[in-house]
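First the structure, in the form of C-alpha cells, and then the observations on it.
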Amino acid sequence: MKSTILAFVSGLLFGLGLAISGMTDRQVILGFLDLFGEFNPQLVYVLAGAVVFTAISFRFVLRLPRPVFATGFQLPAATAVDRQLLLGAALFGVGWGLIGYCPGPALVGLAGGLRDAMIFVPAMLAGSFTHYLTDRRGKIGEE
C-alpha cells in the first residue's frame with residue numbers, strides 16, 4: 001500500500017511539473033523543436049534545470065546503500081548503443097517532432113481532457129502493444 005501511495009504522489013508531482021513547465025502544451029513543444037522557424041526557447045530552461053538538478057542529486061543519491069523507499073536501486077544493466085536503441089530513439093524523436101507529445105505529457109493531457117491526447121494515447125498504446133507482441137515473438141523463437 002505504501003509503495004502505491006508513493007507511486008501516486010510521484011506521478012502527481014511529475015504531472016504537475018510537466019503542466020507548470022508548459023510541456024503538456026504541444027504547441028510549446030513544437031515551437032521548441034522548430035529551430036529554423038518560430039523557435040520558442042522556453043523549454044531550454046526546463047531542460048537545463050532538469051540536467052543540472054539530476055547531475056547534482058544523482059551523485060548523492062547513488063552513494064546511498066539503497067533508496068529511501070525501496071529495497072534496492074533499479075539501474076539499467078545494458079550500456080551498449082545498438083541498432084535497436086538507435087532505431088527506437090529515432091522513432092521516438094520523429095514522433096515527438098510530428099505531434100509534440102511524448103508519453104508523460106500525453107498522459108497528463110489525457111487526464112486534462114485534451115482532444116489531441118485522446119487521439120495520441122490510444123495510438124501510443126497500440127504501438128506499445130505491437131512492440132510487445134513482436135518482441136515476445138522474437139524471444140519465444142530464441143528459447
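Miscellaneous remarks
- Only one of the listed residues (VAL68, VAL94) is more than 27 Å from ARG26 (Cα to Cα), among the aliphatic types (A, V, I, L, M) and exposed (fewer than 11 other Cβ atoms within 10 Å of the Cβ). That residue is VAL68.
- Residue within the range 116-128 that is in a loop (DSSP other than H, G, I, E, B) and either among the polar types (S, T, N, Q) or over 18 Å from GLY11 (Cβ atoms) (or both) present: no
- Answer from GLY113, GLY37 - the residue that is at pLDDT 85 or above, more than 18 Å from the chain's Cα centre (by Cα) and either at positive phi or acidic (Asp, Glu) (or both): GLY113
- ALA48 meets each of the listed conditions (1) free of Cβ contacts under 8 Å to residues at least 24 places away in the same chain; (2) surrounded by 14 or more Cβ atoms within 10 Å (Cβ to Cβ) apart from (2).
- Within the range 78-111, the set of residues being under 21 Å from VAL46 (Cα atoms) and small (Gly, Ala, Ser) comprises ALA89, GLY93, GLY95, GLY97, GLY100, GLY104, ALA106, GLY109.
The values are calculated or read from the model by the stated rules, or taken from the named source; none is laboratory data. From a predicted model like this one, the values you see are computed outputs, not experimental measurements. Cβ atoms come from the backbone with ideal geometry, glycine included; neighbour counts cover every protein chain shown.
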